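Colleague: Pasting a structure below so you can have a look.
Each reported figure results from applying straightforward, stated rules to the coordinates on display, with no laboratory input. Since this is a predicted model, take the numbers as computed values, not measurements. Backbone-built Cβ (ideal geometry, glycine too); neighbour counts: all protein chains shown.
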Amino acid sequence: MSNLQIEINKRRIFGIISHPDAGKTTLTEKLLLFGGAIQKAGTVKRNKAEKTATSDFMEIEKQRGISVATSVMGFNYKDRKINILDTPGHKDFAEDTYRTLTAVDSVILVIDCVKGVEEQTRKLMSVCRMRHIPVMVFINKMDREGKDPFDLLEEIEKELNISTRPLSWPIGIGSTFAGVYHLYKKQLKLFSAENKMNIADDFIEVEDLSSIELERQLGDKAARKLRDEVELVEGVYEPFDLTLYRSGYLAPVFFGSAINNFGIEELLDTFVEIAPEPQARETDKRTVQPNEEKFTGFVFKIHANLDPNHRDRIAFCRVCSGKFERNKFYQHIRSNKKLKFASPTSFMADAKSLVEEAWPGDVIGLYDAGNFKIGDTLTEGETLKYLGIPSFSPEIFKELENMDPMKTKQLEKGITQLVDEGVAQLFTQNLGSRKFVGTVGELQFEVIKFRLLHEYGASCNFRAISFTKASWITSNDQNQMEKLMRSQANRIAFDKENRPVYLSNSKWDIDSTMREYPDVVFHETSEW
Ligand code: GDP
């Protein structure tokens, strides 16, 4: 096997997704603990915008800082090099999460057993289903009085449109939670709420569930219940099918309690066995295989430097094929420039360090003085562009007003750079003299205003406007397109690539325009 293939086989890159508070941060922390990447829990910083007053600017800044540190966390476990990509659960950062999901090969979905499927769970899973991302489910907080496990599985199947297959089964729940039974390894793990830091949980091997050992360990009632439920599970569910999981149709399910470090080892051990290695990826020209000799990669996230005196940024690049090397020239496809990187970094959870080389499934941080936009592709010369980082329509639109005419240049530059980073989308009218900023949350406007002032010295205001949706428009009928753009000029604007969008403020509004212009196509996203 080639060295490249060996490195590819070692790597796994995944995202943890959840509705806020389900336990994503706690689970991440425990996974890192298993990997030995951190020595104690509490090291992964919580990234919680919802607990802060939106006007608390410093807090926003602090959170941005934290999310740089936790954007990518690498750790080693059982000969695998695993990268976790952080996905903000807060809905105002949903765009960020969707983009991050373009860089993973699988996800772990965390569900709170008390709350079941929640709003963000639904949204994130619809993106996963769209992209056929393999999903593993961790049902968390089993130490609390939650819903019945069978009901939870049914809820997941129905609401998230995915089949499930439990691979572990809880023994009781809440005050009666006694542990989990690993259905495949046939191992019983008994719950101990005290042993939070002990990662070598004791387990008892039970080859035969009918053995009297079960009564000895669990008592008569719980033993009987477990036997009945396991029988039911094995009767109802098909054996686990790896192909269905890999193609995104079947989610293996684990139960546990992240805070008590329970059920996590089972999850992680199964993850390293079944989660897909770095996969082939689509470009506008062809599919690129990870084991191709030549390096290719794309930028899925850009982070501004926290220090306003250093305007450089970090671009997060997923290596898709070949070997990346420090100080070698690569082609930046959009600008057609050659770039080399003197200090690319890797993101192991315990340290950020310089890398000499990187392989498919790695994420590297590239210091950038303003060359990169989200979605940019790097290659060794071949002209191709990675697909799959579309923009979705923002939900809130405001008009940007310049409050300091002396600083017009700074404002232009600042807003352009923030848009490149993906903080918001910008639509312009009248050759740029009107600027509409679109986001998915109010918080973003606070962030933009603050950063424009502090990083670019430009002060601005946001004026409310009534648009609620942007649709990218195309047509084969040039006449109809021109007619629409002329007769509804106040609703037409251009995105940062100068593509026309139609701005609407209600479903009724867009529906009637669609009827009037049947040959114009209204796209939901910027990629079609
Ligand atoms: P995130 O918003 O998804 O990152 O959630 P966190 O990991 O911050 O957890 C949210 C809250 O749930 C915190 O107070 C955790 O201590 C708590 N929590 C996490 N896991 C468990 C668990 O297994 N049992 C219980 N009872 N609480 C938990």
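Colleague: Please arrange Thr100, Thr287 by counting, for each residue, the other beta carbons lying within 10 Å of its beta carbon, fewest first.
Modeller: On the way: Thr100 23, Thr287 9.
Lowest count first: Thr287, Thr100.
Colleague: Okay, moving on. Considering the Cα positions of the stretch 249-301, please state its Rg to one decimal place and its Dmax as a whole number of Å.
Modeller: 16.8, 48
Colleague: Kindly put Phe255, Phe300 in sequence by how many other C-beta atoms sit within 10 Å of each C-beta, fewest to most.
Modeller: Phe300, Phe255
Colleague: Let me ask something additional. Relative contact order for the stretch 129-196: what is it in percent, counting Cα pairs under 8 Å that are at least 6 residues apart?
Modeller: For the stretch 129-196, the relative contact order is 23 percent.
Colleague: While we're on this one: What are the semi-axes of the equivalent ellipsoid for the stretch 117-237, taken as the square roots of 5 times the Cα gyration tensor eigenvalues, largest first, in whole Å?
Modeller: 28, 17, 14
Colleague: Follow-up. From Cα pairs below 8 angstrom and at least 6 apart in sequence, can you work out the relative contact order of the stretch 251-350, rounded to a whole percent?
Modeller: Answer for the stretch 251-350 is 17 percent.
Colleague: Something else now. Quick one: give the max-minus-min coordinate of the C-alpha atoms of the chain along each principal axis, largest first, in Å.
Modeller: Projected onto the principal axes, the Cα atoms of the chain cover 80, 54, 45 Å.
Colleague: P(r) for the stretch 396-523, please, calculated from all Cα pair distances in 10 Å bins and given in %.
Modeller: All Cα pairs, binned at 10 Å, distribute as 12, 43, 29, 14, 3 percent.
Colleague: Also, I was wondering about something else. Using 27 Å as the Cα-Cα cut-off, could you pick out the over-long pairs in Lys328/Lys373; Lys285/Lys409; Lys78/Lys115; Lys141/Lys301? Each step should come with its number before you reach the end.
Modeller: Working: Lys328/Lys373 20 Å; Lys285/Lys409 37 Å; Lys78/Lys115 33 Å; Lys141/Lys301 31 Å.
Cα-Cα > 27 Å for Lys285/Lys409; Lys78/Lys115; Lys141/Lys301; rest within.
Colleague: Sticking with this structure for a sec: Evaluate the relative contact order of the chain (contact order divided by residue number), counting alpha-carbon pairs under 8 angstrom at least 6 apart; express in whole percent.
Modeller: 14
Colleague: I've got another one for you. Whole-Å semi-axes of the stretch 281-379's equivalent ellipsoid, largest first, each the root of 5 times a Cα gyration tensor eigenvalue?
Modeller: In descending order, the three semi-axes are 22, 16, 12 Å.
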